[in-house]
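Structure first, then comments.
The values are calculated or read from the model by the stated rules, or taken from the named source; none is laboratory data. The structure displayed is predicted, hence computed values, not measured ones. Quick reminder, even Gly has a Cβ in these numbers, built from the backbone with ideal geometry, and neighbours come from all protein chains shown.
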Amino acid sequence: MNYSKEEIENIMKKVKGDNVKFIHLMFTDVLGTIKSVTIPVEKLSESLEKGTWFDGSSIEGFARISESDMFLKPDISTYAVLPWGPRENADARFICDIYTPDGKPFERDPRFILKKIMKEAEGMGFLYNVGPELEFFLFRQNGVSPDPHDSAGYFDFAPRDLATDVRRDVVFALESMGIEVEMSHHEVAIGQHEIDFKYGNALKTADNAITFKHAVKSIAHKHGLHATFMPKPIFGENGSGMHVHQSLFDTKTGKNVFFDANDRYKLSWIAKSFIAGQLEHVRAMCPITAPTVNSYKRLVPGYEAPVYLCWAQINRSALIRIPRYSEGREQSTRAELRCPDPSCNPYLAFAVMLAAGLDGIKNKKQPPGPVEENVYEFDKEKLKEKGIGTLPHSLWQALEELEKDDVIKNALGNSFYERYIEIKKAEWDAYRIQVTEWERKRYFEAT
């Protein structure tokens, strides 16, 4: 990523006009945690020209001690002033790509992995657009864990919804950073919320997703609250999902290639093959889209979380839902994948989702017929009769599925895959050997 002298001069003028003093060079580790190196503004021009060196061996999943030297190159399109910081001597950020000392993209960089699969899609004539819906919880910081911020429910309004001002501040912050917000509201569970931003290019949307998480956490802290994107923080309450709306557009015409006016669902063969690919590979995608032990406490029947491998239009128990078509909105034709959760790394999630869909298109796969009944009410016999499988029940089971799926492994790349599996198996083992309060209550006196 090389910039012209004019590009560097223009961004430096912008930074100076915004009274910026410190620059945060942001990226994510393999798990999706936001990392940052901070430089004074006087070092920005050098960083844009040559990059900024850092020690990759200290970042989860990146490199060994013997190969630790890496450098960050800021993406100038991601420049934004952090609106929750000071106005004078302000802080700004760039999202960065990671390179090795020989100037090659670092193959374990999640942003690079998404770029790689998007380039493959472009070679097939497709642009990949997504729109994620990230849910989150707000808790009081009072030493009681967890203590939801309110007891409101779905679409409740003030005064029952105590976080109206928090969401309002988040929306203002996102808009000041160039993110177009479409909706915000209280979600189903107590203390749970959702803010949706505009559908668009998958790379830009992944950048927006990590910006969104950073903004929510930072502004919640200013309100004396703790925000979490943990999938299932409260037993007995709905968990937080990250439903993802997806479609492909023709690189030449800009038209949505998922649309077919003659089809009952207004879906083209490309859309159906894309859906078929995701249904085939979704179990192997789960260690990426639902990456934590806690993720599988959300993915259970009864709490609006999809666990059955089917697709439909009106049926929200389906794994993939096709929003209804309305006249004149052909460009909005899309497929909504409902199993990802907001603990995932969005770069990796979008990468494996796209890879699975492209595999369906390459092989002209066809999905089974849609299921418009409430699948939650099916017994085992009916599920078997209709050939409806389920998502993995645990992180360990999901990792086993990933190990068998060459399409998803190849999308991640061998180096990334091997390190990720190692990290996640260690996470499972750390969980597996814990003795929980539930176990003590159930077995201490009974055995």
Lone unmet requirement of (1) crowded, with 19+ Cβ neighbours inside 10 Å; (2) in a loop (DSSP other than H, G, I, E, B) for Lys364: (1)
Number of the exception - Ala92 against (1) over 15 Å from Tyr347 (Cα atoms); (2) not assigned by TED's automatic domain parsing to the domain that holds Trp53: (2)
Restricting attention to region 256-295, which residues are surrounded by fewer than 24 Cβ atoms within 10 Å (Cβ to Cβ), assigned to a helix (DSSP H, G or I) and among the hydroxyl-bearing types (Ser, Thr, Tyr)? Ser273
Could you please give the count of residues in region 226-254 that are at pLDDT 95 or above, over 23 Å from Lys35 (Cβ atoms), surrounded by fewer than 22 Cβ atoms within 10 Å (Cβ to Cβ) and in contact with a Phe, Trp or Tyr (Cβ under 9 Å, 6 or more places away or on another chain)? 4
Being crowded, with 16+ Cβ neighbours inside 10 Å and at pLDDT 90 or above: is that true of Val30 here? no
Of the conditions (1) among the hydroxyl-bearing types (Ser, Thr, Tyr); (2) loosely packed, with under 13 Cβ neighbours inside 10 Å; (3) touching a residue at least 40 places away in the same chain (Cβ under 8 Å), Ser145 satisfies every one except a single condition; which number is it? (3)
Leading residue by the ranking (surrounded by the most Cβ atoms within 10 Å (Cβ to Cβ)) among those in region 367-385 that are touching a residue at least 24 places away in the same chain (Cβ under 8 Å) and of a type in the set (D, E, K, R): Glu373
State the number of residues belonging to region 234-250 that are touching an Asp or Glu at 6+ places or on another chain (Cβ under 6 Å) and closer than 23 Å to Gly123 by Cα. 1
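For (1) within 28 Å of the chain's Cα centre (by Cα); (2) outside the structural domain of Ile210 (by TED's automatic domain parsing); (3) without any contact (Cβ under 8 Å) to a residue 24 or more places away in the chain, each residue gets a yes or a no:
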{"position": "Glu9", "(1), (2), (3)": "no, yes, yes"}
{"position": "Met12", "(1), (2), (3)": "no, yes, no"}
{"position": "Val15", "(1), (2), (3)": "no, yes, no"}
{"position": "Ile23", "(1), (2), (3)": "yes, yes, no"}
{"position": "Met26", "(1), (2), (3)": "yes, yes, no"}
{"position": "Gly32", "(1), (2), (3)": "yes, yes, no"}
{"position": "Ser36", "(1), (2), (3)": "yes, yes, no"}
{"position": "Ile39", "(1), (2), (3)": "yes, yes, yes"}
For Ala220, state whether it is farther than 30 Å from Gly328 by Cα and in contact with a Cys (Cβ under 9 Å, 6 or more places away or on another chain). no
The conditions are (1) modelled with pLDDT of 95 or more; (2) assigned to a loop (DSSP other than H, G, I, E, B); (3) surrounded by fewer than 24 Cβ atoms within 10 Å (Cβ to Cβ), and Pro342 fails exactly one of them. Which is it? (3)
Are there any helices (runs of 4 or more DSSP H) wholly within region 404-447 with 3 or more residues that are within 30 Å of Ala356 (Cα to Cα) and touching a residue at least 40 places away in the same chain (Cβ under 8 Å), and if so which? 406-412, 414-432
Options Thr38, Thr52: the member that is touching a strand residue (DSSP E or B) at 6+ places or on another chain (Cβ under 6 Å) and loosely packed, with under 14 Cβ neighbours inside 10 Å: Thr38
Identify all residues within region 191-219 that are within 26 Å of Ile113 (Cα to Cα), buried (at least 22 other Cβ atoms within 10 Å of the Cβ) and modelled with pLDDT under 95; write none if there are none. Phe197
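Hey, can you tell me all the residues within region 312-326 that are within 21 Å of the chain's Cα centre (by Cα) and either in a strand (DSSP E or B) or under 18 Å from Phe259 (Cα atoms) (or both)?
Correct list: Ala318, Leu319, Ile320, Arg321, Ile322, Pro323.
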Among the residues of region 61-71, how many are closer than 17 Å to Arg111 by Cα and either outside any strand (DSSP E or B) or at pLDDT 95 or above (or both)? 3
Just checking, how many residues over region 95-116 are in contact with a Lys or Arg (Cβ under 9 Å, 6 or more places away or on another chain) and either in a strand (DSSP E or B) or surrounded by fewer than 21 Cβ atoms within 10 Å (Cβ to Cβ) (or both)? 7
Members of region 305-335 found to be of a type in the set (D, E, K, R) and surrounded by 19 or more Cβ atoms within 10 Å (Cβ to Cβ), listed by number: Arg321, Arg334
Looking for something aliphatic (A, V, I, L, M) and either assigned to a helix (DSSP H, G or I) or within 13 Å of the chain's Cα centre (by Cα) (or both) - is there at least one such residue anywhere in region 225-234? yes
